[in-house]
Amino acid sequence: MRNVIAFISGLFFASGLVVGGMTQPKKIVDFLDVTGNWDPSLAFVMGGALLVNAVAYRWVQSQSQPFFDSDFYIPQRSDLDWKLIGGAALFGIGWGLGGYCPGPALTAVVSAQTSVLGFVGGMIGGVLLYKGFDRIALSN
Amino acid sequence: MEHFTPLASSIGGILIGLGAAIMLVFNGRIAGISGIFEGVVLPDEGAFDWKTAFVGGLLVGGGIMFVFVPEWFAVGIERSMFGFIVAGLLVGFGTRLGNGCTSGHGVCGLSRMSRRSVVATLTFMAAGIATVYVTRHLMGGLL
């Protein structure tokens, strides 16, 4: 059942990302182009998503467990470290460069456009590269 | 391609929020797509099945949408193949180093006011804005 829920969640994400305009890199770049011809659409995507999810989060806090699991798996860390900030900065550079973040890129992969295939290929490379980097440089 | 789409984008946002809410309420998990994707690329023991199911939902959902509205998948920006690959590398590496992307930090984290997610979101927004400023206005979009 958990897998069915995850699949349905993925379907909602995919439809929302497409309807919201996030599978169009130009709209992302235009959103980030605050000094140019700014397109604030992405702020509405974030606003809508935050509104719904904040209600869900609030409700969940009064529950002892989710419907299909024995516990909630919600990150509890609150420390700020160089990895968080450095990682977010690298991600932001890639986002501004390619106009895709992970969700929209995976959603758009079936369009089989060379741009998104190249981006997702790069993303897989980045995940593997991080794993190697983590093993060599950060293992202590 | 329409420039400003407040209604469609709000509806899209609500659908994304519902997707994240379903994951939280039923499975008790955060729908952080970069972390889920990592768990599929490097099979995550014990979580591979649901992570693959989620990515499957993205692919199937994207496929259905592409059949009906292929124009909503328009790229619209000029980048070389090399540019897209480098962008993907940075996104893949950066989201793993920083433990999240627009969904995990931007949607799930912000909606519970996580300090780490607020800082991460401000950072990737600022880095994205700076990157677009440099590539579009200083370099004239050459990439």
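Readers should treat all values here as calculations from the given coordinates under stated rules, not as data from a laboratory. Values in this document were obtained by computation on a predicted structure and should not be read as measured data. Because the Cβ atoms are built from the backbone with ideal geometry, glycine has one as well, and the counts that use them run over all protein chains shown.
Where the eigenvalues come from the Cα gyration tensor of the protein assembly as shown, what are the semi-axes √(5λ) of the equivalent ellipsoid, largest first, in whole Å?
26, 21, 18
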**Request:** Assuming R0 = 45 Å, can you tell me the calculated FRET efficiency for the pair B:VAL69 and A:GLN63, based on Cβ-Cβ distance, to the nearest 0.05?
**Result:** 0.75
**Request:** May I ask you to list the aspartates and glutamates whose Cα is less than 18 Å away from that of B:LYS51, ignoring any residue fewer than eight positions away on the same chain?
**Result:** A:ASP69, A:ASP71, B:GLU38
**Asked** What's the percent breakdown of Cα-Cα distances in the stretch A:1-135 across 10 Å bins, shortest bin first?
**Response** 10, 29, 37, 22, 2
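Would you mind counting up the charge near A:LEU84? Only other residues with Cβ under 11 Å from its Cβ, with Lys and Arg at +1 and Asp and Glu at -1. Working shown, then result.
Numbers: positive: A:ARG77, A:LYS83, B:ARG115, B:ARG116; negative: A:ASP79, A:ASP81.
My count for the surroundings of A:LEU84 gives +2.
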**Item:** Ranked list, fewest to most other Cβ atoms within 10 Å of each Cβ, for A:ASP71, A:ASP30
**Value:** A:ASP71, A:ASP30
**Item:** Restricting the stretch B:1-110 to GluC sites (Glu not before Pro) in coil, as DSSP defines it, with at most 15 other Cβ within 10 Å
**Value:** B:GLU2, B:GLU45, B:GLU78
**Request:** Report the calculated FRET efficiency for B:LEU138 and A:ASP79 (r = Cβ-Cβ distance, R0 = 35 Å), to the nearest 0.05.
**Result:** 0.50
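Stokes-Einstein at 10 °C, 1.306 mPa s, Kirkwood radius from Cα pairs: D for chain B in µm² s⁻¹?
The estimated diffusion coefficient comes to 93 µm²/s.
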**Exposure proxy order (Cβ contacts within 10 Å, fewest to most) of A:LYS131, B:LYS51, A:LYS26** = A:LYS131, A:LYS26, B:LYS51
**Fill in**
Answer in debye to the nearest 20: the dipole magnitude of chain B about its Cα centre, from +1 Lys/Arg and -1 Asp/Glu charges placed on Cβ, is 420 debye
